[in-house]
Amino acid sequence: MRALIGGLLSLVLSVVLVGVLGAPASAACSTAWGSQDKGTLHDHADGPLERVRTGRQDCYDRLVIEVAGSGFGYLAGYVDEVVQEGSGNPVPLRGGAKLRVIVQAAAASGFPASSPELANVGGYTTFRQVAGAGSFEGQTTIGVGVRARLPFRVLTLPRAGGGTRLIVDVAHTW
């Protein structure tokens, strides 16, 4: 009887530990997105860029750009240097690689389009900094300092109440 209870206890403890610790996240991550440019510049949004936020996922860090309009062009890609809209001055970014995101939407009144810290990404796996590079002639640029040149994808999703969410996911690993 004691052996049976001991065996059951070991089995339950093993199941609990596997459930809590689980398999390594990298084993379950499918991030074969590549690191080439994504998107095209074609039309401007019928509403402004209103907000930027970030999030951490198991396999990637996420940047969400909220635009009041839809049908706008965008271009995301790694560059040697992110530069400010209008002036062309370099935007300093922390990290081993620089991802530039151009959104064909003017910044909303009060949006800090030139802020060196658009979001707090302290403790993120991949993101090192998210900085505004300005808004000029209906186009807003955001620079993302990342740990290294890693795969990324870009998605657009409708926003509750109207508008569009432009989503940039950058993988934690290759």
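Here the accessible area of region 109-165 is 50 percent carbon and sulfur, with a 1.4 angstrom probe and all protein chains present. Take region 50-93 with all the other protein chains still there, run a 1.4 Å probe, and you get 47 Å² of accessible area per residue. Measuring only protein heavy atoms, the 1.4 Å probe finds residue 62 accessible over about 50 Å². Rounded to whole numbers, the Karplus 3J(HN,Hα) couplings from phi for region 53-70 are 9, 10, x, 10, 10, 4, 10, 7, 9, 10, 10, 10, 10, 9, 10, 5, x, 9 Hz, using 6.51 cos²θ - 1.76 cosθ + 1.60 with θ = phi - 60°, and x at Gly and Pro. Rounded, prolate or oblate: which fits region 126-174 when a ≥ b ≥ c are the square roots of the eigenvalues of the alpha-carbon gyration tensor, with rounded for a/c under 1.5 and prolate only if a/b beats b/c? Verdict is oblate for region 126-174. Coupling constants for region 141-150 follow from the phi torsions by the Karplus curve (6.51 cos²θ - 1.76 cosθ + 1.60, θ = phi - 60°), and in residue order they are 10, 10, x, 10, x, 10, 4, 7, 6, 10 Hz; glycine and proline get x. Phi angles across region 97-109 convert, under the Karplus curve 6.51 cos²θ - 1.76 cosθ + 1.60 with θ = phi - 60°, into 3J(HN,Hα) values of 8, 10, 10, 9, 10, 9, 10, 7, 8, 5, 6, 5, 4 Hz, Gly and Pro given as x.
The values are calculated or read from the model by the stated rules, or taken from the named source; none is laboratory data. Keep in mind it's a predicted model, so treat the numbers as computed, not measured. Accessible surface is based on the protein model in full, side chains and every heavy atom, while ligands, DNA and RNA are left aside. Shrake-Rupley method; radii C 1.70, N 1.55, O 1.52, S 1.80 Å.
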